[in-house]
Amino acid sequence: MESNNTIWIIIRRMRIPFLVIIVTFSVSILGLTLIPGMDDQGHPYRMSFFDAFYFVSYMASTIGFGEAPYTFTYPQRLWVSFCIYLTVIGWFYGIGSIVALVQDKRLAREIDIARFRKKIHELSEPFTIILGYNNITHQIIDWLNREGIRVVVVDRDAEKIDALDLESFIPEVPALAADVTHPNTLKMAGIHKKNCQAVVALFEDDMKNTKIALLCKLLNKRVKLVIKSTTKTQSEHLKNLGVRYIEDPFLFISNRIYLALVAPNLWLLEMWIFGHILKVRHREELPHGKYIICGYGRMGHALERALKKAGMPYNYIDLKSAEYKEEKGSAVFGDAEDYKILLEAGVKEAVAIIAATKDDLINLTILATAKKLNKEIYTIGRENTLDDLSIFRSARIDRVYILERILAEFTYLFIARPLAYRFVRLLHTRDEAWGRALVESMHETLGENPLHFEITVDEEHAYALARELKKGREITLGSLRRSRADRSKTLPLMFLLCKWDEQRRELLPGDDLLIEPGVQLLIAATEESKTDFEYIVNNYYELDYVLDGKG
Amino acid sequence: MNTQKVISGFFFILAMTINFGFVYGDPANIQYHSAYELFAAIVINLIATILKLGDKTQLGSVLLATSLVADIQLIASASVWALAVYVLGGMNLESTVAVISLAGGALLANIVSVTLFIGDTLKSKR
């Protein structure tokens, strides 16, 4: 019964108008049949119920065909003039109620909900539920749509949902304004559906995220959860709940800085997965030496851990943006006192300074002031929102960490490119020598700007290959790495990761590895060799030629 | 005492009794049956229907259904009457019996409705 709430609201609201119309009509009809009239020959007569019903029907609706069946007598007219006001008022009241109903907010909401339900019901592709619509999730939706993954959005704020509607995403993104921490909302968004793959909750409030994680786990055990958490205890709590993927932006940044300091090639590989070119620009090399951290909140602590682990000396300035603004009445860092603080922290000898407060303007001015005191210093800034990229870009900061962008990137990777995500995770278990060897061999075969893609060996994605494997033929990875123009040449292609299931996977699988049906591959390639590879695995003629030189 | 229940009970039972009053008498002779009574039965039945609207329970749905049946039967009965008088040129035995038996069917629906209503009232122990 839940789905036709709309009808119930209409019925409930229309009860009194209906009653009014029935009563006024019946009083008028009854009166007309009782009052004696006169026909055209002067004989007395009484209106029948049918005559009266007919007359009242057109009188009340103000159509007014005139007096029927005969001209009325004065007693009749007296009664009719009373009835006109009675029924017309009743009629207008009824019409007015319908008009009011159309504008009714609750009804509009019920209609929205019904439409949303219908859209969810009709979704047959895999989809992701995103809770909360903002800059981060907007970016994620863009990326996921490009991959052909459908998205459903729920946000408490109706204005945000309106804004989303105006974006007109393709394919369409069903959206609903509702309380995201309510189980019913999650059910409506289709968490029960078989094709619901993941739920994303990246709210500022950690408690809210945990609550959502708990609800989702209870409603659907199978669904992947992407939950933001910025503290260790919260993360542990989530892990106990069985949440597979916890996003802590500060931890991400801390890991990246550590990697960039200790193993620049691994760092480069990670950045490459996220779309960077496979080459470290000079400006991106983190210097080794003394670091200054400005801002000692959650991010400051994360940075401290990274620097400590990497064995870098550091100094921190405990600067809280909110307190600073209150004390000085401005969000511009850099008066005489601030100079002194920076000098005391050793800005002259430091090789790098990290501005990690919650306020973008303070971060910018810290870095500008530091540059004034030490021209050579390497500047690292934290940018909190995606709103205004241009200021940071024009401020010539050496490296900018945008929290929102990092969250969006990781979420996208986790949902849409699970193998690439796994590859990034595995990178952290390797050492710099391994990374350097891989980067060098990639440079050799693929150049400095390779791309990566994932493929599952099944009939949908690799038709010919999957068919051949089904027949029982043994095909090795290496045998696919041949040019379809000339099979004696190798195709510029590298297999980075081969995954059978959660437990069994191989980083950099060798050429002699036998392909099994259903296996997933992460491949680095050039634009051209990617197309070639897709031809080879999907087209029988190409595959036959590449494998045995026929055709 | 529940005013809502008094009002709806009043109309449900009145719908049945007036309906009975119209049907009662020789079904072959239209003079035993008053058009005013049929009119009253229709109006009261319509009001009873409106009162039953908006109750989402299982019982409410069945009550609404019985009322709708009664409405349709009574309106059909009145329509047959009007048709016979104005189109077919006067009441004959066939149309008279049709008018009365249609109203009789409505009476049956009303009896079911009232029985359900009373049954529900007895079941609730307050």
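The values are calculated or read from the model by the stated rules, or taken from the named source; none is laboratory data. Bear in mind that the values here come from a model prediction, so they are computed numbers and not experimental data. So basically every Cβ, Gly included, is an ideal-geometry build from the backbone, and we count neighbours across all protein chains shown. Side chains included, ligands, DNA and RNA excluded: accessible areas come from the protein's heavy atoms. Shrake-Rupley method; radii C 1.70, N 1.55, O 1.52, S 1.80 Å.
Rounded if a/c is under 1.5, else prolate if a/b is larger than b/c, else oblate: which is region A:164-211, with a ≥ b ≥ c the root eigenvalues of its Cα gyration tensor? Please list the in-between numbers first.
Working: a/c = 1.85, a/b = 1.32, b/c = 1.40.
Taking the square roots of the gyration eigenvalues as a ≥ b ≥ c, region A:164-211 is oblate.
Which order do A:547, A:367 take when ranked by solvent-accessible area (1.4 Å probe, heavy atoms of all protein chains), largest first?
Numbers: A:547 25, A:367 5 Å².
Sorted descending by solvent-accessible area, the residues read A:547, A:367.
Which of the residues in region B:18-38 lose at least 10 Å² of accessible area when you go from the chain alone to all protein chains together (probe 1.4 Å)?
B:35, B:36
If packing is taken as the mean number of other Cβ atoms within 10 Å per residue, what is the order of A:313-320, A:32-39, highest first? Can you show the working numbers first?
Numbers: A:313-320: 17.5, A:32-39: 15.9.
With the highest mean Cβ count within 10 Å placed first, the list reads A:313-320, A:32-39.
Would you grab the residues whose amide H sits under 5 Å from the one on residue A:45? Only those 5+ places off in sequence or on another chain, please, with H modelled 1.01 Å from N.
A:37, A:38, A:39
Note the per residue figure in Å³ for the convex hull of the C-alpha positions in region A:2-103.
On the way: hull volume 9.7 nm³, N = 102.
Given the Cα convex hull of region A:2-103, per-residue volume reads 95 Å³.
How much accessible area per residue does region A:450-548 have, counting only protein heavy atoms and a probe of 1.4 Å, in square angstrom?
On the way: 4860 Å² over 99 residues.
Ligands and nucleic acids excluded, the figure is 49 Å² per residue.
What total accessible area, in Å², is buried where chains A and B meet, using a 1.4 Å probe and rounding to the nearest 100?
Details: alone 28110 and 7630 Å², together 34070 Å².
Counting both chains, the buried surface is close to 1700 Å².
For region A:68-81, in order, what is each residue's ³J(HN,Hα) by Karplus, 6.51 cos²θ - 1.76 cosθ + 1.60 with θ = phi - 60°, in whole Hz (x at glycine and Pro)?
9, x, 10, 4, 6, 8, 5, x, 5, 4, 4, 5, 5, 5
So if a site counts as exposed when it's one of the GluC sites (Glu not before Pro), its DSSP state isn't H, G, I, E or B, and it has at most 15 other Cβ atoms within 10 Å, what's the longest stretch of chain A without one?
Working: sites that count: A:67, A:147, A:172, A:204, A:285, A:349, A:376, A:448, A:459, A:460, A:474, A:502.
In short, A:205-284.
Evaluate the charge dipole of region A:95-181 about its Cα centre and quote only its size in Debye, nearest 20, assuming +1 on the Cβ of each Lys and Arg and -1 on the Cβ of each Asp and Glu. Walk me through the numbers on the way to the answer.
Working: 11 positive and 15 negative charges, 55 e Å.
Dipole magnitude for region A:95-181 comes out near 260 debye.
Distance between the C-alpha centers of region B:98-124 and region A:71-120? Whole Å please.
30
Tell me the carbon and sulfur percent of the accessible area for region A:250-416, rounded to whole percent, probe radius 1.4 Å. Write out the running numbers ahead of the final one.
Details: 3830 of 7290 Å².
About 53 percent, which is the carbon plus sulfur part of the accessible surface.
Round to a whole number: what % of the accessible area of chain B belongs to carbon and sulfur, probe 1.4 Å? Before the final figure, lay out the partial values.
Details: 4780 of 6760 Å².
Ligands and nucleic acids excluded, carbon and sulfur reach 71 percent.
What residues qualify as long-range amide H neighbours of residue A:293, i.e. H under 5 Å apart, gap of 5 or more or another chain, H built at 1.01 Å from N?
Amide H to amide H, under 5 Å and 5 or more residues apart or across chains, residue A:293 pairs with A:315, A:316, A:317, A:354.
Could you state the number of Å between the C-alpha centres of region A:12-38 and region A:44-59?
12
Residues of region B:51-95 losing 50 Å² or more of accessible area relative to the isolated chain, 1.4 Å probe, heavy atoms only?
Listed in order, they are B:53, B:54, B:56, B:86.
Under Stokes-Einstein, with the Kirkwood radius over Cα pairs standing in for Rh, what whole-number D in µm²/s applies to region B:3-123 at 37 °C and 0.692 mPa s? Mind dumping the intermediate values first?
On the way: Rh = 14.6 Å.
Estimated via Stokes-Einstein, D reaches 225 µm²/s.
Using a loss threshold of 10 Å², tell me which positions in region A:9-26 are less accessible in the complex than in their chain alone. Probe radius 1.4 Å, ligands and nucleic acids ignored.
A:11, A:12, A:15, A:18, A:19, A:22, A:23, A:26
As I understand it, the value is the acute angle between the Cα axis of helix A:298-310 and the longest principal axis of the Cα atoms of chain A; what does it come to in degrees, rounded to 10?
In chain A, helix A:298-310 runs at an angle near 20 degrees to the longest axis.
Could you give the angle, 0 to 90 degrees to the nearest 10, between helix A:418-427's Cα long axis and the longest principal axis of the Cα atoms of chain A?
30
Rolling a 1.4 Å sphere over the protein heavy atoms, what is the accessible area per residue of region A:6-68, to the nearest Å²?
Numbers: 3270 Å² over 63 residues.
So region A:6-68 comes to 52 Å² accessible per residue, rounded to a whole number.
Towards the positive end of the charge dipole of the protein assembly as shown, with charges on Cβ (+1 Lys, Arg; -1 Asp, Glu), say which of A:141, A:345, A:11 has the farthest Cα.
A:345
Pop out the ³J(HN,Hα) list for region B:104-120 in order, Karplus 6.51 cos²θ - 1.76 cosθ + 1.60 with θ = phi - 60°, rounded to Hz; leave Gly and Pro as x.
So the J values, rounded to whole Hz, are x, x, 4, 4, 4, 4, 5, 5, 4, 4, 5, 4, 4, 4, 5, x, 5.
Computed from the mean reciprocal separation of all distinct C-alpha pairs, what Kirkwood hydrodynamic radius does the protein assembly as shown have, in Å?
Details: mean 1/r = 0.0307 Å⁻¹.
Evaluated on the protein assembly as shown, it is 32.5 Å.
Take the Cα pairs of region A:250-416, get the Kirkwood Rh, then feed it into Stokes-Einstein at 20 °C and 1.002 mPa s and tell me D in µm²/s.
Details: Rh = 16.3 Å.
Here the translational diffusion coefficient equals 132 µm²/s.
If a/c stays under 1.5 just call it rounded; otherwise compare a/b with b/c (prolate if a/b is bigger, oblate if not). Do that for region A:122-247, with a ≥ b ≥ c from the square roots of the Cα gyration tensor eigenvalues.
prolate
Give me the 1.4 Å probe accessible area per residue for region B:3-123, excluding ligands and nucleic acids, in Å². Don't jump to the answer; show the numbers that get you there.
On the way: 5950 Å² over 121 residues.
Accessible area per residue: 49 Å².
Could you tell me which of rounded, prolate or oblate describes region A:185-288, using a ≥ b ≥ c as the square roots of the eigenvalues of the alpha-carbon gyration tensor, with rounded for a/c under 1.5 and, failing that, prolate when a/b is larger than b/c and oblate otherwise?
On the way: a/c = 3.34, a/b = 2.11, b/c = 1.58.
Verdict is prolate for region A:185-288.
Distance between the C-alpha centers of region B:1-50 and region A:233-273? Whole Å please.
Distance between centres, Cα-based: 77 Å.
Return the long-range amide H neighbours of residue A:245 (sequence gap of 5 or more, or a different chain), with a cut-off of under 5 Å between placed amide H atoms.
For residue A:245, whose amide H was placed from the backbone, the distant partners under 5 Å are A:225, A:227.
When you look at the Cβ of every residue in A:30-36, what mean number of other chain Cβ atoms sits within 10 Å? Write out the running numbers ahead of the final one.
Numbers: counts 4, 0, 0, 3, 1, 0, 0.
Other-chain Cβ atoms within 10 Å of each residue's Cβ, averaged: 1.
Round to a whole number: what % of the accessible area of region A:2-103 belongs to carbon and sulfur, probe 1.4 Å? Mind dumping the intermediate values first?
On the way: 4160 of 5860 Å².
That fraction is 71 percent.
Helix A:206-219 sits at what angle to the longest principal axis of chain A, using alpha carbons and giving 0 to 90 degrees rounded to 10?
That helix lies at roughly 70 degrees to the long axis.
Quick one: order A:91, A:143 from most to least accessible surface, probe 1.4 Å. Please list the in-between numbers first.
Details: A:91 80, A:143 40 Å².
Result of the area sort, largest leading: A:91, A:143.
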